[in-house]
């Protein structure tokens with residue numbers, strides 16, 4: 001419907017940033033996206049970036065407390081999947097500030113938790129993830145050590 005279109009256009013303005021240069025500290029995700037018919041890949045990519053970062057935040061929370069720009073995911077590159085008419089790889093960069101330190105669960109919940117029910121997409125798959133060393137160093141590892149885990 002009309003409401004859906006308006007919302008998506010809004011996403012594209014804020015979350016599709018092809019001029020963005022990724023930082024060494026960004027978490028980078030590659031999503032395979034199949035948009036619904038009539039939804040351009042840029043809008044689908046922007047929607048993924050939005051829904052997996054700050055797009056679900058309420059205005060009350062973001063007003064004055066935080067800068068949306070500092071926390072938002074950005075769809076910075078889109079390329080067609082070879083041999084597939086309606087599939088695209090959308091690359092999204094997330095600032096480290098968006099995530100809790102030391103929590104793999106928090107990171108995955110943030111990135112894939114909200115997006116998979118999103119209506120603009122027919123299908124979505126996380127294909128690849130680059131986690132910067134500055135972030136992966138915050139992970140403590142298994143509570144009793146790697147060897148104990150391996151011996152189980």
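The values are calculated or read from the model by the stated rules, or taken from the named source; none is laboratory data. Because the structure is predicted, anything quoted here is derived from the model rather than measured. Virtual Cβ from ideal backbone geometry, glycine too; neighbours counted across all protein chains shown.
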Is at least one residue of segment 62-77 at pLDDT 80 or above and either over 12 Å from the mean Cα position of the chain (by Cα) or more than 18 Å from residue 127 (Cβ to Cβ) (or both)? yes
Restricting to segment 1-25, count the residues that are out of contact with any helix residue (DSSP H, G or I) (no Cβ under 7 Å at 6 or more places or on another chain) and at pLDDT 90 or above. 8
When restricted to 34, 53, the only residue part of a strand (DSSP E or B) and modelled with pLDDT under 95 is 34
Does segment 96-118 contain any residue that is in contact with a helix residue (DSSP H, G or I) (Cβ under 8 Å, 6 or more places away or on another chain), within 21 Å of residue 34 (Cα to Cα) and at pLDDT 90 or above? no
